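The values are calculated or read from the model by the stated rules, or taken from the named source; none is laboratory data. Remember, predicted model here, so these are calculated numbers, not experimental data. As a convention, Cβ positions derive from the backbone with ideal geometry for all residues, glycine included, and neighbour counts pool all protein chains shown.
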Amino acid sequence: MLMSLTPNRPGTLPPSPGVPMAWVVVIVMVVGGSGVALTAALVGSHPTATPGSMTVTDDLGRSVSVPFNPARVVALGPSIVDLLYQLGLRDRIVGVDCYAASDGGLSNDYDPGQIALWDLTSSMCVQVEPEFVPSMLANLTPSLVLASTLVSLSELSLVTSELGVPFVMLQPPTLSGILVDATLVGEIFGVGAQASALNARLNSELYNATNTTANAASLPTVLLTYYAGPSGYYTYGPGTFGESLLELTGASSISASATEPYPELTAAQVLAAQPDWIVYGTGFGLSESSYSSGPDWNDFQAVHSGNVTGIDSNWITEPDPTMILEGIPALLGVFHPG
């Protein structure tokens, strides 16, 4: 894939945190007599509409003219499919990202639960790995492409230009960007009320997390890893949604001072940090045995203390509403039981 952190969870790559965002969600904590309120304020330019079309600013800061309320959409990224589903727009999706059939096809990008819930079929496949196949996208005759960094900007620009189909990049680098994208997609499809309702649910979870951790006596140090390689453990650096997850759930990442957004920590680095907890991603063939076979696993204090737990990889690698609705409560349950 474009941002290959090979090896990585099949079908999912964390987005580039260095991408400039045109819109920023500001989480405002207002302390008053009634307690703490959490709200989201959108800062920046809003989409402007013309009959049948509108101009929006995507997560790359690109100004894009898109059809209003498009009927046929290709969604290149599980996080985008999740967002569309949460907004009641599943019927608009005609194509999704897939691996080559010989590499698992649809099941290498989406787990069985997602395939069933979202009613995904192989006929919807647009191959993005091991190489992007533009003809598969063209055959689906979309009116809009919503994409993450699974496909390079240059490749998307070329194929959509030839087809006369616009594409919008939805790649939020942090949790707050998920709410921004919900608002943006809501405006594109004319479902602003649904977007507002979804964001209210997301803000409720964000508030609950903030309220839960406000009086925490101390912050556990954590290694949040989504893949174990022969040399170390892949995790999240500063400015990424992975770090946002830990901060919001009252934990401190041992990779907070990393110089890369998605570093591989060596066993020596983990040993030096000796995190209180190790949380690892499961699914897509990954289980505790995938990590326990990593370097020096049995020497980590968290392993000896039994402070090791698995969590659905989708909840820690896909910047979508489910990351907030499911991932945050799961992590709160680990770090702050009860």
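I'd like the full set of residues that are surrounded by 15 or more Cβ atoms within 10 Å (Cβ to Cβ) and either among the hydrophobic types (A, V, I, L, M, F, W, C) or at pLDDT below 95 (or both), limited to the range 63-72.
Across the range 63-72, the qualifying residues are VAL64, VAL66, PHE68.
State yes or no: is THR160 in contact with a helix residue (DSSP H, G or I) (Cβ under 9 Å, 6 or more places away or on another chain), without any contact (Cβ under 8 Å) to a residue 24 or more places away in the chain and not aromatic (Phe, Trp, Tyr)?
Numbers: in contact with a helix residue (DSSP H, G or I) (Cβ under 9 Å, 6 or more places away or on another chain): yes; without any contact (Cβ under 8 Å) to a residue 24 or more places away in the chain: yes; not aromatic (Phe, Trp, Tyr): yes.
Against the criterion (in contact with a helix residue (DSSP H, G or I) (Cβ under 9 Å, 6 or more places away or on another chain), without any contact (Cβ under 8 Å) to a residue 24 or more places away in the chain and not aromatic (Phe, Trp, Tyr)), THR160 qualifies.
What number of residues within the range 239-253 are in a loop (DSSP other than H, G, I, E, B) and surrounded by 17 or more Cβ atoms within 10 Å (Cβ to Cβ)? Reasoning before the result, please.
Filtering the range 239-253 for residues in a loop (DSSP other than H, G, I, E, B) gives 239-240, 249-251.
Add one more test, that the residue is surrounded by 17 or more Cβ atoms within 10 Å (Cβ to Cβ), and what stays is 240, 249-251.
Qualifying residue count for the region: 4.
I want to confirm something. Restricting to the range 213-228 and keeping residues that are within 19 Å of the chain's Cα centre (by Cα) and farther than 15 Å from ALA273 by Cβ, which single residue is surrounded by the fewest Cβ atoms within 10 Å (Cβ to Cβ)? Can you show your working first?
Here is the first cut: in the range 213-228, the residues within 19 Å of the chain's Cα centre (by Cα) are 223-227.
With farther than 15 Å from ALA273 by Cβ added as a condition, the list becomes 226-227.
On the way: TYR226: 26, TYR227: 24.
So the residue we want is TYR227.
Out of all the residues in the range 196-218, is one or more in contact with a Lys or Arg (Cβ under 8 Å, 6 or more places away or on another chain) and under 22 Å from ASP82 (Cα atoms)? Even if it seems obvious, please write down each step before you answer.
Initial filter on the range 196-218 (in contact with a Lys or Arg (Cβ under 8 Å, 6 or more places away or on another chain)): none.
Checked against the condition, which is being in contact with a Lys or Arg (Cβ under 8 Å, 6 or more places away or on another chain) and under 22 Å from ASP82 (Cα atoms), the range 196-218 yields no hits at all.
Among the residues of the range 113-128, what is the count of those that are under 16 Å from ARG92 (Cα atoms) and touching a residue at least 12 places away in the same chain (Cβ under 8 Å)?
Residues meeting the conditions: 8.
Can you find even one residue in the range 256-266 that is closer than 23 Å to GLY333 by Cβ and either surrounded by 17 or more Cβ atoms within 10 Å (Cβ to Cβ) or touching a strand residue (DSSP E or B) at 6+ places or on another chain (Cβ under 7 Å) (or both)? Full working, then the answer.
Applying the first criterion (closer than 23 Å to GLY333 by Cβ) to the range 256-266 yields 256.
Add one more test, that the residue is either surrounded by 17 or more Cβ atoms within 10 Å (Cβ to Cβ) or touching a strand residue (DSSP E or B) at 6+ places or on another chain (Cβ under 7 Å) (or both), and what stays is none.
Looking through the range 256-266, none of the residues is closer than 23 Å to GLY333 by Cβ and either surrounded by 17 or more Cβ atoms within 10 Å (Cβ to Cβ) or touching a strand residue (DSSP E or B) at 6+ places or on another chain (Cβ under 7 Å) (or both).
Going through the range 108-121 one residue at a time, which ones are more than 17 Å from PHE132 (Cα to Cα) and polar (S, T, N, Q)?
Result: GLN114, THR121.
So which pairs qualify, if the first residue must be in the range 78-99 and part of a loop (DSSP other than H, G, I, E, B), the second must be among the small types (Gly, Ala, Ser) and buried (at least 20 other Cβ atoms within 10 Å of the Cβ), the Cβ gap must be under 6 Å, and the two must be at least 6 apart or on different chains?
Taking only residues 6 or more apart or on different chains, not a single pair turns up.
Only one of these is over 30 Å from GLU243 (Cα atoms), touching a strand residue (DSSP E or B) at 6+ places or on another chain (Cβ under 9 Å) and in the same structural domain as LEU106 (by TED's automatic domain parsing): LEU137, LEU150. Name it. Step through it out loud before you land on a result.
Numbers: LEU150 fails: over 30 Å from GLU243 (Cα atoms).
Answer to the check: LEU137.
Considering only the range 248-273, state which residues are free of Cβ contacts under 8 Å to residues at least 40 places away in the same chain and farther than 21 Å from ASP312 by Cα.
Scanning the range 248-273 gives ALA256, SER257, ALA258, THR259, GLU260, THR266, ALA267, ALA268, GLN269, LEU271, ALA272.
In the list SER231, SER253, SER257, which residue meets the criterion of being of a type in the set (S, T, N, Q) and either within 22 Å of ILE324 (Cα to Cα) or under 17 Å from the mean Cα position of the chain (by Cα) (or both)?
Values: SER231 fails: either within 22 Å of ILE324 (Cα to Cα) or under 17 Å from the mean Cα position of the chain (by Cα) (or both); SER257 fails: either within 22 Å of ILE324 (Cα to Cα) or under 17 Å from the mean Cα position of the chain (by Cα) (or both).
On inspection, the qualifying residue turns out to be SER253.
Cβ-Cβ distance below 7 Å, separation of 6 or more or different chains: which pairs start in the range 220-247 with a residue that is under 15 Å from ASN314 (Cα atoms) and end on one that is hydroxyl-bearing (Ser, Thr, Tyr) and assigned to a helix (DSSP H, G or I)?
Here the result reads THR225/TYR291; TYR226/SER313; TYR226/THR317, each pair linking the range 220-247 to a residue that is hydroxyl-bearing (Ser, Thr, Tyr) and assigned to a helix (DSSP H, G or I).
Need at least 3 residues that are modelled with pLDDT of 95 or more and not assigned by TED's automatic domain parsing to the domain that holds LEU223 per element, so show me which helices (runs of 4 or more DSSP H) inside the range 254-314 make the cut, counting only ones lying wholly within it.
Details: elements: 267-273, 288-292, 301-305.
In the range 254-314, no matching helices (runs of 4 or more DSSP H) lie anywhere.
Residues in the range 51-61 that are closer than 14 Å to ASP181 by Cα and outside any strand (DSSP E or B): how many?
From the range 51-61, those closer than 14 Å to ASP181 by Cα are 56-61; that's our starting set.
If we keep only those that are outside any strand (DSSP E or B) too, we end up with 58-61.
The number of residues fulfilling the criteria is 4.
Which residues, counting only those in the range 316-338, are modelled with pLDDT of 95 or more and under 18 Å from LEU84 (Cα atoms)?
Matches in the range 316-338: ASP320, PRO321, THR322, MET323, ILE324, LEU325, GLU326.
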